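Colleague: Take a look at the following structure, please.
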């Protein structure tokens, strides 16, 4: 199965978990089908063979059931739970500190309103930088995005980072990611948010930090801050 290119520092954990689940369940499925086919053929109706009716051996049946349950529980459930824990910790368990980029995003029907802190490093001030459907970030730098919906529930989805976070009215949610490759990638809404849901597509540009700073400076010159944003989340730097 082919996924969108993974450009995240931790996205491979999600892919590995998917392929592990696929592999384990495929093995279990094949075993069940093989055993089913064997019994269908071995005990099929044939001329000259009389059917045998038996209540079976309760102790053996119980023992086999417990054994198979333990194999499935340990081999599949526990295995997936351990790998899921590692994937969760890598993706969501640690909030980066120090040199990070903070961005606020307020989705609405049907656009992504994106806000950067200006030179003062604070949000909700006169030098805030606003864009619509256009998110730029530096490569190899952690990014923390804060989300709050303006109207209905939206879901901020970055397929190339394997991360997704709901944006809810009246509640600030957040997610963290870091790009390891430059390029342009899709921002999608993964929550059906109305008739124009299909139009709610943004573009994420990953570039060198110098290029990002130049873009930010250019945007600040043509920027008209919207002081009616309605909420703010934290320091810009």
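Colleague: Residue 52 versus (1) touching a residue at least 40 places away in the same chain (Cβ under 8 Å); (2) outside the structural domain of residue 138 (by TED's automatic domain parsing): which is the lone unmet condition?
Modeller: With (1) touching a residue at least 40 places away in the same chain (Cβ under 8 Å); (2) outside the structural domain of residue 138 (by TED's automatic domain parsing) applied to residue 52, the lone miss is (1).
Colleague: Identify, from the list 47, 96, 107, the residue that is surrounded by 11 or more Cβ atoms within 10 Å (Cβ to Cβ) and in a loop (DSSP other than H, G, I, E, B).
Modeller: Sole residue among the options that is surrounded by 11 or more Cβ atoms within 10 Å (Cβ to Cβ) and in a loop (DSSP other than H, G, I, E, B): 96.
Colleague: Sticking with this one: Go through the range 177-205 and give me each residue that's under 28 Å from residue 216 (Cβ atoms) and buried (at least 19 other Cβ atoms within 10 Å of the Cβ).
Modeller: Within the range 177-205, 177, 178, 179, 185, 187, 189, 200, 202, 204 meet the criteria.
Colleague: What's the number of the only condition in (1) within 30 Å of residue 17 (Cβ to Cβ); (2) surrounded by fewer than 16 Cβ atoms within 10 Å (Cβ to Cβ) that residue 125 fails to meet?
Modeller: Condition (1) is where residue 125 drops out.
Colleague: Examine the range 135-148 for a residue that is surrounded by 20 or more Cβ atoms within 10 Å (Cβ to Cβ), farther than 30 Å from residue 16 by Cβ and in the same structural domain as residue 199 (by TED's automatic domain parsing), and state whether such a residue exists.
Modeller: Yes, that holds for at least one residue.
Colleague: Additional query: Yes or no: residue 145 in a strand (DSSP E or B) and under 15 Å from the mean Cα position of the chain (by Cα)?
Modeller: Spelling it out, residue 145 is indeed in a strand (DSSP E or B) and under 15 Å from the mean Cα position of the chain (by Cα).
Colleague: To continue, here is another question. Restricting attention to the range 75-90, which residues are without any contact (Cβ under 8 Å) to a residue 24 or more places away in the chain and either in contact with a helix residue (DSSP H, G or I) (Cβ under 7 Å, 6 or more places away or on another chain) or closer than 17 Å to residue 161 by Cβ (or both)?
Modeller: Selection gives 88, 89.
Colleague: OK, next. For residue 113, all conditions in the list (1) loosely packed, with under 13 Cβ neighbours inside 10 Å; (2) over 23 Å from residue 180 (Cβ atoms); (3) touching a strand residue (DSSP E or B) at 6+ places or on another chain (Cβ under 8 Å) hold save one; what is the number of the exception?
Modeller: With respect to (1) loosely packed, with under 13 Cβ neighbours inside 10 Å; (2) over 23 Å from residue 180 (Cβ atoms); (3) touching a strand residue (DSSP E or B) at 6+ places or on another chain (Cβ under 8 Å), residue 113 is out only on (1).
Colleague: Can you name every residue in the range 153-164 that is assigned to a strand (DSSP E or B) and crowded, with 21+ Cβ neighbours inside 10 Å?
Modeller: Passing the criteria: 154, 156, 158.
The values are calculated or read from the model by the stated rules, or taken from the named source; none is laboratory data. All figures in this text were calculated on a predicted structure; none of them were measured in a lab. Cβ sites come from the backbone with ideal geometry, for glycine too, and all protein chains shown count toward neighbours.
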